[in-house]
Amino acid sequence: MKLVVAAMSLLFCGSTAAANAPEIEVVQYQASGREVRLAINSNGKPATDVKIAVLTKDDQLLYSLSSHDQSVVSLPTFAPGKYHVAVSNNEGLRADIFLIVSVKKGNTRSEFTMELTVKPPPPPSFEEYLSTVEKMPASETLEKFAGTVRDPSGASIRGCQVRIFEKGFRDNQHTINLISDDDGHFSATLADGSYTAVFLIAGFRTRFQRFEMLPGGNRKEVPVRLEIGAITE
């Protein structure tokens, strides 16, 4: 099962408000073979001219296609893994299915029926949140990227994932991944520039923090305090 946060809770450092606590729904993955056929209905009748988007389990788009005048659609062969398939039409109706494609089922074909209904738009993706934060002014200028992750009581948090994104880049070459040590401490050597740090650990709200690396920055350490909450997985 996967926990999907309907509204990801963010703490924008330097902002006066934080997002509301997330609403959580449990999504059941359905076992599937590598060959998938979808029968798409609307109001109990076959639906045509719909858009089908196939995404990763993290909702990164892999590809999309249109059914045109077909109500039954065979999708390209899946590699083993977890997927989110979203179907929508021009009237704003939508259906979603979550698949786990296993090696055990091999190339057997799995068939699923999807009923289009009125649904709220999906929550913004991690990428969309990150892009939003990058447009905000940096709240800190740092001479060195280092700090300690703490909980609301001030106790240090070990094992927190710290992802550092240079502004405008998403590739691995420009992304640094750290883990806070036993004392909650983290540090990295960064060139001058604009960055966003993302702090993630189970049981706490994800924190996005914008900062700039500059000689003689106004802070020696990054202040990080996580609030109790939920994350996506």
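Nothing in this text is a laboratory measurement; each read-out follows from the coordinates by a stated rule. Computed from a predicted structure; not experimentally measured. For neighbour counting, all protein chains shown are included, and Cβ atoms are generated from backbone atoms with ideal geometry for every residue, glycine included.
Give the peptides 62-71, 205-214 in descending order of average Cβ contacts within 10 Å, highest first. All intermediate terms of the calculation are to be shown ahead of the outcome.
Values: 62-71: 12.6, 205-214: 21.4.
Those peptides, ordered most packed to least, come out 205-214, 62-71.
Within a 10 angstrom radius of the beta carbon, how do D151, D49 rank from fewest other beta carbons to most? Provide the component values of the computation, followed by the final result.
Working: D151 16, D49 12.
Ordered from fewest to most neighbouring Cβ atoms within 10 Å, D151, D49 come out as D49, D151.
Show me, for region 183-199, the HN-Hα J-couplings you get by feeding each phi into the Karplus relation (A = 6.51, B = -1.76, C = 1.60, θ = phi - 60°), rounded to Hz, glycine and proline as x.
Here the 3J(HN,Hα) series is 9, x, 8, 8, 6, 7, 8, 10, 6, 4, x, 10, 9, 10, 9, 10, 10 Hz.
Percent of Cα-Cα pairs per 10 Å bin, from 0 to the last occupied bin, for region 69-160, please list those.
With 10 Å bins starting at 0, P(r) equals 10, 23, 25, 18, 17, 5.
What is the sum of charges, Lys and Arg at +1 and Asp and Glu at -1, for the other residues whose Cβ falls under 14 Å from the Cβ of R150?
Values: positive: R158, R205, R207, R225; negative: D151, D181, D182, D183, E221, E227.
So the surrounding residues net to -2.
When semi-axes √(5λ) of the Cα gyration tensor in Å is calculated directly from the model, which label among (1) 27, 24, 14; (2) 41, 18, 17; (3) 35, 23, 15 fits?
Answer by label: (2).
Counting every Cα pair in region 103-233, what percent are over 24 Å apart?
Details: 3393 of 8515 pairs.
Cα-Cα pairs in region 103-233 separated by more than 24 Å: 40 percent.
What does the helix-only formula give at 222 nm for the chain: each DSSP H stretch with n ≥ 4 adding -39500 (n - 2.57), the total divided by the residues, and the result rounded to the nearest 500 deg cm²/dmol? Please list the in-between numbers first.
Details: 1 runs with 9 residues, N = 233.
When only DSSP H runs of four or more count, the value is -1000 deg cm²/dmol.
Please figure out what share of the DSSP beta bridges in the chain is antiparallel and state it in percent, rounded to the nearest 5.
Values: 55 of 76 bridges.
The answer is about 70 percent antiparallel.
Give me the extension gain from I176 to D151: residue separation times 0.36 nm, minus the current Cα-Cα distance, reported in nm with one decimal. Kindly include the intermediate steps, with their values, before the conclusion.
Working: separation 25, 0.36 × 25 = 9.00 nm, distance 2.28 nm.
Contour length minus Cα-Cα distance gives 6.7 nm.
So what is the relative contact order of region 78-196, in percent, for Cα pairs below 8 Å that sit 6 or more residues apart? Don't skip to the answer; put the middle values down first.
Values: 150 pairs, mean separation 23.0, N = 119.
Once divided by the residue count of region 78-196, the mean separation gives 19 percent.
Return a whole-number percent for the relative contact order of region 19-116, with Cα pairs under 8 Å and 6 or more residues apart as the contact set.
Details: 217 pairs, mean separation 39.2, N = 98.
RCO, region 19-116: 40 percent.
According to a simple spin-label model (label point 7 Å from Cα along Cα-to-Cβ), what is the distance in nm between L65 and K104?
Placing both labels 7 Å along Cα→Cβ, they lie 2.8 nm apart.
On full extension of the chain, what length is gained from I228 through S187, given 0.36 nm per residue of separation minus the C-alpha to C-alpha distance? Present the calculation step by step, with values, prior to reporting the outcome.
On the way: separation 41, 0.36 × 41 = 14.76 nm, distance 2.32 nm.
Using 0.36 nm per residue and subtracting the Cα-Cα distance, I get 12.4 nm.
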